[in-house]
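What follows is one structure encoded as C-alpha cells, with my remarks underneath.
The values are calculated or read from the model by the stated rules, or taken from the named source; none is laboratory data. For clarity, every value in this text was computed on a predicted model and none was experimentally measured. Counting neighbours? That spans all protein chains shown, and the Cβs are built from the backbone with ideal geometry, glycine included. To get the accessible areas, we keep the full protein, side chains included, count just its heavy atoms, and leave off ligands, DNA and RNA. Shrake-Rupley method; radii C 1.70, N 1.55, O 1.52, S 1.80 Å.
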There are 2 protein chains.
Amino acid sequence: MALKASVSVHLHGEFEVAGGTLPNAFTAYQVYGDPTNPCILVPTCYGARLSLSSEAHLVGEHKVLDPRKYFVVIFATFGNGESSSPSNTAAPFDGPRFPYCSYEDNVRAQKAVVDALGVKKVHCVIGYSMGGQQAYYWALMYPYLVERVIAICSAARTSIHNRCIIEGPKYAMIASKDFHDGEYKSTPRHGIRAFGRSLFAWAYDPSFYREHLYTMNGAYLTAESFFVEQSESYWLQFWDANDLLALLETWQRGDVSQVFHRGDLEETLGSIHAKVLLMPSKTDPLFKVEESQMEVSLLPRGELQVIDSLWGHFAGSSVHSPDIEFISRRIDTFLS
Amino acid sequence: MALKASVSVHLHGEFEVAGGTLPNAFTAYQVYGDPTNPCILVPTCYGARLSLSSEAHLVGEHKVLDPRKYFVVIFATFGNGESSSPSNTAAPFDGPRFPYCSYEDNVRAQKAVVDALGVKKVHCVIGYSMGGQQAYYWALMYPYLVERVIAICSAARTSIHNRCIIEGPKYAMIASKDFHDGEYKSTPRHGIRAFGRSLFAWAYDPSFYREHLYTMNGAYLTAESFFVEQSESYWLQFWDANDLLALLETWQRGDVSQVFHRGDLEETLGSIHAKVLLMPSKTDPLFKVEESQMEVSLLPRGELQVIDSLWGHFAGSSVHSPDIEFISRRIDTFLS
C-alpha cells in the first residue's frame, strides 16, 4: 500500500507561542489507521514535509508502523511550511515577523489535535532529530498520556556545540545579498545556497566521504557535485527562506530541561516515567552518541540502541535501507 | 627573550603559480638564530601572520625551537597578506583577480628563499595545519634537502570531507551582501562574519563545549559570546576578505599525491624518505586522527604521537599550554 493520507489541518484560533501570539495558528497533520488502535505520534524533523511523505519509510502496511496495527498521527512542526510558518501566515506576522515557536508550543498544539481526535492514551511518540526532541517534550509535558518515547539521532537538549554550529547557516542566510532581512520578493537563492552548504557539512562524518558513499551507487562522480546538489536542491525547490530560519531557531533553542527544571537535565530526565528508547547514530556529527549515552544513564527507564552506520545524521532518516531495517526491528521490539 | 625578528621579503620577480603568472611575486619570512646552526623551516597555517608572531609559542630562547640551537626560518603562505596576496598585489592581479597559488607554488617559492639564505640541508620542516601540509610537500619536492618533517593537526591531503566543509565558509562569503564579487570598497563585515561562523564551528569538538572550556577561564560567560567573538574579531581586525578566500582555496586543493603520483597517496607516502612525525589532535574535527593513523602506516619512517587534548584543531596552536608542552617535548625528542 502506498502511503497516501491527505494532510489535515487543526485550527487553534488565537494561540500563544514563546515569541508572541498568533491570531490564527494551525497544525498540519496526517492520520493512518483506525483510531481504536494503539496511538503512535510522529512529530517531524528539520526539513520534513507531510506532503512529501518524509516519514514514509516507517509508516505503511508491512512496515513497522503498520496502519492495520496502529493509529499513527504525523505532525508538521511550526515553521515547516505546512503548520503555521512565516510563509503561510498573514500580516502582521508574516515572513521575518513570524514569532519564535518553541518545542513546547509545538507539543501543546499537537496535544490539542490529539484531544480533538479523541485519543486517551499514547502508546509511543517517535521522532527523528527535531522530532525526537519533541518526543522528549511530550513525555515531560503529558506524562499521564505518554507511555513510550523513541528518539532517533536526537537529544533532550540541543548541545552547546550544536547551538554554535547553527550560527553558521543562520548567519550565512541573513548576511546573503538576496535575503533582504527576510523581505525578499523572490527566492533568495544565494542565501539558501550559503545556508545549505554551511549546514550540510554536518550531515555526515568524514568516514562517509572516506568510504566514497557520496557516490550514492554511481549517481555522483565527485564529492563536490554530491555536496553542492544535496546541500541546496531540496531547499531551493521546496522551501521558504524565512521558514528555514524559523525552524532553525526552534532547533537551536531546544532544551527539555527548561520546561519544568530551570535547565537541570539530570532532574528532568530523572522525572520521565515513560519508557524511552534512544537510537543515536555512531557517526552523527550533530547529535553525538555520547549525548545519548549520558541521557540514558539519567533516564529511569531508558534503553540505548546505537545505529552502527556510516550514514551520519541521516542514518536515522529514509536514505539508507540497512539503517531503516535496524531501526524498524528495534522499534518493533520496543513497542511490543 | 621576546620574539622580535623583523619580517624580510624575498622578491621572486615573475613567478609562475598554478592559476597564472605573478609579475612581481614575493615571499615574506622571518629568521631566528645563526645560519650555521641546523636549519628548521616553519611554513604558516591558515590565518597566521609573521607580524603577529603566530608561531611564537614554539620559537624563542628556552623554547623547543631555540635560536641559539637552530636557524629557524618562518614563511608566510601566499594569500596571508604578507607574502603575495590579493590585498597586496597590483592590478591586474589584485583582489578577486589574484591567481590560485598551490602548496607546490608556495614550497617552490620558499625553496628560493632557502637557496638565497645559503642553506644546504634542512634539519626539519615543521608545520601546523596548512603548515604541516606544506611540510609534506617539502619532503616530496626536495627529498635530498629535507631530513625530517613534523606535521601537527594536519594531513598529506585535505580530506574529501574537509574539502566539502570549506564550501560552507567560502560560499557564505561570496553570497554575502557586502562582498560584491570581491570588489568591496570597505571591509565586507557581513561576509567575514558569515565566513567566520561557518568555519569556526569546525575548530572544536563537542567535548570542548560540553566541558565548558569555551569560558576560557572566565573570559566568556556563554558559549554564544565566545563563539561569535572568536569566530569574527580576528578576521575583522586583521584580514582582507579576498585573502581569506585565496588561502582557503590553497587549503581546499591541498593534495601532496598530485605532485608526482597522480593522486596515489599510498605510492606518494611510500616514496618519502625523510623521517616524519605526525601529531594529530584526538579531538580535531578538521584533520582527523584517523587520517594521520592511515598516513603513518604508509610512511617508511613515520611516527605517530596523538595529542590527547580537548582543544580540537587548536590543540596544535598557541592557545593551550599543556598541549604546547606535549608538542614541544615530542619535537625535541624527534629532532635530537
(request) Quick one: in the stretch B:197-234, of everything that is in contact with a Lys or Arg (Cβ under 7 Å, 6 or more places away or on another chain) and open to solvent by less than 10 Å² (accessible area, probe 1.4 Å), which residue is nearest to the other protein chains (Cβ to nearest Cβ)? (result) B:Ala223
(message) So in the stretch A:281-332, with the set limited to residues that are under 18 Å from the mean Cα position of the chain (by Cα) and open to solvent by 60 Å² or more (accessible area, probe 1.4 Å), which one is nearest to the other protein chains (Cβ to nearest Cβ)?
(response) A:Val319
(message) Quick test of your reading of the structure: B:Gly182 fulfils all but one of (1) open to solvent by 10 Å² or more (accessible area, probe 1.4 Å); (2) farther than 22 Å from B:Thr333 by Cβ. Name the failing condition by number.
(response) (1)
(request) Give the stretch B:61-118 a look and list any residue that's aromatic (Phe, Trp, Tyr) and out of contact with any Phe, Trp or Tyr (no Cβ under 6 Å at 6 or more places or on another chain), or say none. (result) B:Tyr70, B:Phe71, B:Phe78, B:Phe93, B:Phe98, B:Tyr100
(request) Residue by residue through the stretch B:161-175, note down the ones that are open to solvent by less than 30 Å² (accessible area, probe 1.4 Å) and either at the interface with chain A (Cβ under 7 Å from one of its Cβ atoms) or charged (D, E, K, R) (or both). (result) B:His161, B:Cys164, B:Ile165, B:Glu167, B:Gly168, B:Ala172, B:Ala175
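Tell me which residues, restricted to the stretch B:270-305, are among the β-branched types (Val, Ile, Thr) and part of a strand (DSSP E or B). Before the answer, list the steps.
If we filter the stretch B:270-305 for residues that are among the β-branched types (Val, Ile, Thr), which is where we start, we get B:272, B:276, B:283, B:289, B:296.
Once the filter is applied, which keeps residues that are among the β-branched types (Val, Ile, Thr) and part of a strand (DSSP E or B), the stretch B:270-305 yields only B:Val276.
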(message) Anything in the stretch A:176-191 that is under 20 Å from B:Ala172 (Cβ atoms), more than 10 Å from chain B (Cβ to nearest Cβ), in a loop (DSSP other than H, G, I, E, B) and not polar (S, T, N, Q)? List them, or say none.
(response) A:Tyr184
(request) Might you check whether a residue that is in contact with a strand residue (DSSP E or B) (Cβ under 9 Å, 6 or more places away or on another chain), farther than 18 Å from A:Val319 by Cβ and small (Gly, Ala, Ser) occurs anywhere in the stretch A:54-75? (result) no
(request) Examine the stretch A:291-298 for a residue that is charged (D, E, K, R) and either farther than 22 Å from A:Ser321 by Cα or at pLDDT below 95 (or both), and state whether such a residue exists. (result) yes
(request) Read through the list (1) touching a helix residue (DSSP H, G or I) at 6+ places or on another chain (Cβ under 6 Å); (2) open to solvent by 10 Å² or more (accessible area, probe 1.4 Å); (3) outside any loop (DSSP other than H, G, I, E, B); (4) of a type outside the set (D, E, K, R), then give the number of the only condition that B:Ala194 fails. (result) (2)
(request) Please give the number of the condition A:Asp240 fails out of (1) buried (at least 20 other Cβ atoms within 10 Å of the Cβ); (2) in contact with a Phe, Trp or Tyr (Cβ under 9 Å, 6 or more places away or on another chain). (result) (2)
